[in-house]
Amino acid sequence: MSIIVQKFGGTSLSTAEARHHVLKHISLALSQHYQLVVVVSAMGRRGEPYATDTLLGWLEENGNSVPPREKDMLLCCGEIISAVTLCSLLQAEGIQATVLNGAQAGIQTDDRHGDARIVSIDPKRVHEELNRGKVVIVTGFQGQTPTGDPTTLGRGGSDTSATALGVALKAERVDIFTDVTGILTADPRLVEEAKLLRSVSFAEICNMAHHGAKVIHPRAVEVAMHANMPIRVRSTFSEDEGTLVTSMERIRRQVMDRSVTGIAHMPHVTQIQVQYREGKYDHHLQIFKAMAHHQISVDFINVNPSGVVYTVFDHVADLAVDLIRELGHEPRITMDCAKVAIIGGGMNGVPGVMAQIVEALTEADVSILQSADSNTTIWVLVPGVDMAKAVRALHHKFQLHA
Ligand code: ADP
Ligand code: MG
């Protein structure tokens, strides 16, 4: 029998109505004679009782000084509640199901609590339960260290649990169920006319996800890409098959026919410009070493002989500025910027893409603070207040709604 993995995100589990849709998808897959592994996130979003952010808020109200290991122990609870709730609903429908937490499902991680990486998966127990005819519900977003401590995988981690399990189980595919119809040309929260993409390559969605399209976690895509295992991103609330994510080889024609696939955005970044007063060969090195030493990730880097420009997330901007001042420079700071990325596996060598970007943003009266490009992506840094306007203008200019 073939195995499929279905992953349900927080909003897909947060109401009785949503859970009813989840049951329908599970029943349908069983009626098609699949063995089924279901990966669940914690229910709901901030403010809802068992959501991950609610658990974090609870700690904030209670001293907020728990070590990372113990914090992970609390965070693991949200998925357990979801998983057991779903198990109960399935059993009530006469569907045999069992719950495994990350460790029981054989998910080994490193010991970076709060942002652990999966090191290996031993799916023996999952196979055993499947062979007993059960639906195996696995708590997403978690694993355990070699010494047996629970870990969590960071934001969007359940996506990675699902694809990594899919690969380990040699699943036919992984279905990521969520609250949108699939992968769209832009975030529908910003662009009402964003259009569903029927197929995208691993590389395209990986790029979109890295640049802020949080519909699926980039690490989850990378795991699937290495094993060439297809993913579908689709809505919990309909039977539509959504978006197929697959290898470039399978969909080369579609990718090449559209020079631009989609627009992603990432708010809350700060631009830092440092102009050196005197030329000294190791200024660049000192600055980037200081950032790395304090685990500040830098982006959008532009180095020239007399200075450097780069971006960091707003929440580490103060620290970054202090470090630069300690090195004797006075940086120029532009806070609250946004990165907007124009992504297209087929844009390489297509003339005029940058000209269209500049035209769209000029017409929309949005200033470009910085830009960068690779063969499949062009990024622009814009003032944060103009982010939505910029995304809409670019979406329109490249006729992505058509
Ligand atoms: P889940 O809880 O199911 O994991 P997420 O909130 O993580 O759901 O991801 C789904 C959200 O991703 C959507 O509600 C949508 O606002 C956002 N999103 C951002 N970019 C895109 C895009 N290009 N296509 C679809 N959704 C997107
Ligand atoms: Mg998600």
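Coordinate-derived values only; no laboratory data. Remember, predicted model here, so these are calculated numbers, not experimental data. Because the Cβ atoms are built from the backbone with ideal geometry, glycine has one as well, and the counts that use them run over all protein chains shown.
Of the trypsin sites (Lys or Arg not before Pro) in the stretch 92-199, the ones in a loop by DSSP (not H, G, I, E or B) with at most 11 other beta carbons within 10 Å are Arg132, Lys170, Arg189.
For the residues Ile296, Ile216, Ile183, a GNM of the chain with alpha-carbon springs under 10 Å puts the largest fluctuation on Ile296. Holding the Cα-Cα limit at 25 Å, pick out from Lys7/Lys170; Lys7/Lys134; Lys134/Lys170; Lys170/Lys339; Lys7/Lys124 the pairs that are longer than that. Over 25 Å apart, Cα to Cα: Lys170/Lys339. The residues Ile343, Ile231, Ile333, when put in order of fewest to most other Cβ atoms within 10 Å, stand as Ile333, Ile343, Ile231.
Using the alpha-carbon atoms, what tilt in degrees (0 to 90, nearest 10) does helix 317-326 show relative to the longest principal axis of the chain? Approximately 40 degrees, to the nearest ten. With an a/c value of 1.5 or above and a/b larger than b/c for the gyration tensor axes a ≥ b ≥ c computed over the alpha-carbon atoms, the stretch 136-251 is described as prolate.
Taking Cα atoms, how many degrees apart are the long axis of helix 157-168 and the longest axis of the chain, rounded to 10 and kept between 0 and 90? Value to nearest ten degrees: 60. For Thr109, Thr334, the sequence from fewest to most other C-beta atoms within 10 Å is Thr334, Thr109.
Assuming 1.002 mPa s and 20 °C, estimate D for the stretch 1-153 with Stokes-Einstein, Rh taken as the Kirkwood radius over Cα pairs, in µm²/s. Numbers along the way, then the final one.
Working: Rh = 15.9 Å.
This corresponds to a translational diffusion coefficient of 135 µm²/s.
Would you mind giving the three semi-axes, in whole Å and largest first, of the ellipsoid equivalent to the stretch 274-341 according to its Cα gyration tensor? Walk me through the intermediate numbers first.
Numbers: eigenvalues 71, 37, 25 Å².
Each semi-axis is √(5λ); the values are 19, 14, 11 Å.
Check each of the trypsin sites (Lys or Arg not before Pro) in the stretch 244-285 and keep only those in coil by DSSP with at most 14 other C-beta atoms within 10 angstrom; list them in order. Provide the component values of the computation, followed by the final result.
On the way: sites: Arg250, Arg252, Arg253, Arg258, Arg277, Lys280; in loops: Arg258, Arg277, Lys280.
Passing sites in the stretch 244-285 are Arg277, Lys280.
Across all C-alpha atoms in the chain, the radius of gyration and Dmax reach 22.6, 76 Å. Residue order for Ser2, Ser31, fewest other beta carbons within 10 angstrom first, comes to Ser31, Ser2. Counting only DSSP H runs of at least 4 residues, each contributing -39500 (n - 2.57), and dividing by the residue count of the chain, the helix-based mean residue ellipticity at 222 nm comes to -11000 deg cm²/dmol.
Placing +1 on each Lys and Arg Cβ and -1 on each Asp and Glu Cβ, with no other charges, gives the stretch 143-255 a dipole about its Cα centre of roughly 300 debye.
Largest GNM mean-square fluctuation among Val136, Val366, Val233, using the chain with Cα springs under 10 Å: Val366.
Net charge of the neighbourhood of Lys24, taken over other residues with C-beta under 14 Å away and scored Lys/Arg +1, Asp/Glu -1, is -3.
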